[in-house]
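A.B. asks: Dropping the structure in here first, questions after.
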Amino acid sequence: MRTRSYRGWLTLFIVLAAAAVLGIGPGQLAEFASGVFFRRPPAAAIAPAVNHTEPQLQARLEATASSLGHGQMAVAAIDLQSGASASLDAARTFPAASLFKLPILLEVLSQEDGGGLDPSRQLEIRQEDWTDGSGVLQARVGDSLSVRDLTQLMIQQSDNIAALVLLDVVGVGPTNALAAQLGLPATHVVDHRAGEPGDHTTSAADMAHLLQELATGQAVNQRVSEQALQLLELKQSVSWLADDLPFWVKVAHKWGDLPDARHDAGIVFTPRGSYVIAVLTQDALPDESANAIAQASRATYDYLGNR
């Protein structure tokens, strides 16, 4: 505890010295100082709010849409403290990319919480589980990993093989049933092994609703919500939502990337307040998509500082 406190004060000293050199004003300096010691609030620490459209936030998000020269973009953003919200084409159904791993995550944690799935249970990676794309398990066919380890790999490394192994255990039907129970009408996990065609799907509105439920401890229950947040806040290889934000923000999120789609959906926790944001893009240039996602998150962050 002393080491952590020492590091915090050392970081604060460095920030103060840098602020003096850069000529940062008192308001910015206060935010720097609060950011150094900021910790993410636990699930359910934020009370549920009644969502309502906020014109100022809506205008900020609409301004970001112009940064996408091609393709489609959907956004849903919610200020968790006040319920102020804004959206652009949020109900539109998109290919989910790796966002399909979120309903799987909730089903895995729900079954563990109910005693139906042991997180230490060992699961073998079979040849039929092999798939390309994101992850680190492509060379580990025949190995066995625990449910707990596979769950972390599915989120932190966005491992596709881990997702398939877990989906086999918890079942496509129960996963989709939980998505429906949580109020996610556009979110559907496709049973490709049973011959079901098409892509996994979701929407910005669905992802924002799910993340709001997690932040307020209502996704299944408080225990499951907190466990999900702990996994989603692990450092991932991509975090477009945080690209244009100060270093002290805490982001619990999941990103997804396909040749024709690029998404990021998460909860951004900051000293000035916290917000949910889901940005989904399709048929756009990759760099433009990443920039639009970052701009939408920054616009929401700036709204929190001026409300």
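A.B. asks: What is the chain's relative contact order, in percent, from Cα pairs under 8 angstrom and six or more apart in sequence?
C.D. replies: Relative contact order of the chain: 24 percent.
A.B. asks: What residue among ALA47, ALA84, ALA284 shows peak mean-square fluctuation when the chain is described by a Gaussian network model with Cα springs under 10 Å?
C.D. replies: ALA47
A.B. asks: Sticking with this structure for a sec: Once you order the gyration tensor axes a ≥ b ≥ c over the Cα atoms, which shape class does the chain get: rounded for a/c under 1.5, otherwise prolate or oblate by comparing a/b with b/c?
C.D. replies: Prolate is the answer for the chain, as a/c is 1.5 or above and a/b outweighs b/c.
A.B. asks: Using a 10 angstrom cutoff on alpha carbons, build the Gaussian network for the chain and name the most mobile of GLY273, GLY114, GLY256.
C.D. replies: Among GLY273, GLY114, GLY256, the largest GNM mean-square fluctuation belongs to GLY114.
A.B. asks: Rounded to the nearest 500 deg cm²/dmol, what is the calculated helix-only ellipticity per residue at 222 nm for the chain, with -39500 (n - 2.57) per DSSP H run of length n ≥ 4?
C.D. replies: That comes out to -13500 deg cm²/dmol.
A.B. asks: Please build a GNM for the chain, connecting alpha carbons under 10 Å apart, and tell me which residue among ALA278, ALA59, ALA30 fluctuates the most.
C.D. replies: ALA30
A.B. asks: Can you pull out the trypsin sites (Lys or Arg not before Pro) in the range 218-299 whose DSSP state is coil and whose Cβ has at most 10 other Cβ atoms within 10 Å?
C.D. replies: Hits after loop and neighbour filter: LYS235.
A.B. asks: For the Cα atoms of the chain, what angle does the longest principal axis make with the long axis of helix 160-170, in degrees from 0 to 90, nearest 10?
C.D. replies: Roughly 60 degrees, rounded to the nearest 10.
A.B. asks: What distance in nm lies between label points placed 7 Å from Cα along the C-beta direction at ASN221 and HIS70?
C.D. replies: Taking the simple label geometry, ASN221 and HIS70 are separated by 5.0 nm.
A.B. asks: I would also like to ask the following. Using a 7 Å offset from the Cα along the Cα-to-Cβ direction at both ARG193 and ASN306, what is the distance between the two label points in nm, to one decimal?
C.D. replies: 5.1
No lab work stands behind these numbers, since they all come straight from the coordinates. Predicted, not measured: the structure shown is a model, and the values here were computed from it. Positions of Cβ are backbone-derived with ideal geometry, glycine not excepted, and every protein chain shown enters the neighbour counts.
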